[in-house]
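Some notes on the structure that comes next.
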Amino acid sequence: MTKGVELEGLIGTEVGVSKWIEIDQKRIDAFADCTEDWQFIHIDPEAAAKTPFGGTIAHGFLTLSLMSAMSYDANPPLEGVVMGVNYGFDKLRFISPVASGSKVRGRFKLLSAENKGTDGGVTRWLIKHEVTVEIEGGSKPALIAEWLGMQMVKD
């Protein structure tokens, strides 16, 4: 386990790589139903086959949403964490489509760790990672993001 103050020594380094996650058509269809985004490129294999993609692709936001699972898998836990919350993104770019049946994983590089103060024995750490979501066998990533998280750590 890493202590909050030890994070500063990890800035600029890759702190973790997640396991591969399969993006099959069942997952894509479930995401379409959840978000009500039923664009044919995601859910109609026959119509999608006639596009330059040659088949269905995952929603960009589906790939993005899997970063939470990737983070749990890849990032070293902070000692004394009470909870963590998603704090948003400074940058986000979707680079390459993720074809149905592909696998993706996240690479996490720590960009910053800022102590935002202590209240009631809990210190808030604003942590920024550069996350590159790779596509197995792909030459370009699915997305690159600068992701912010707030970790509450008991002193």
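Read the figures in this text as sums done on the coordinates, not as results from a lab. Model, not experiment: these values are computed from the prediction. Heads up, the Cβs are rebuilt from the backbone with ideal geometry, glycines too, and the neighbour counts pull from every protein chain shown.
Between Val122 and Ala69, the FRET efficiency estimated from the beta carbon spacing at R0 = 35 angstrom works out to 0.85. Overall size of the range 13-147 from C-alpha positions, given as principal axis extents largest first: 57, 31, 23 Å. Mean sequence separation of contacting Cα pairs (under 8 Å, at least six apart), scaled by the length of the range 63-155, corresponds to a relative contact order of 37 percent.
Calculated mean residue ellipticity, 222 nm, the chain: -5500 deg cm²/dmol, from DSSP H runs (n ≥ 4) at -39500 (n - 2.57) each, averaged per residue and rounded to 500.
Here the range 70-155 is treated with +1 on each Lys and Arg Cβ and -1 on each Asp and Glu Cβ, and its dipole about the Cα centre works out to around 260 debye.
The simple spin-label model puts a point 7 Å past each Cα toward its Cβ; for Val17 and Glu79 those points are separated by 2.8 nm.
Placing a pseudo-label 7 Å from each Cα along the Cα-to-Cβ vector at Glu6 and Lys91 gives an inter-label distance of 2.9 nm. When the chain is described by a simple charge dipole with +1 on each Lys and Arg Cβ and -1 on each Asp and Glu Cβ, the residue from Trp125, Ile23, Ala47 located farthest towards its positive end is Trp125. Distances between placed amide hydrogens fall under 5 Å for Gln39 paired with no residue 5 or more residues away or on another chain.
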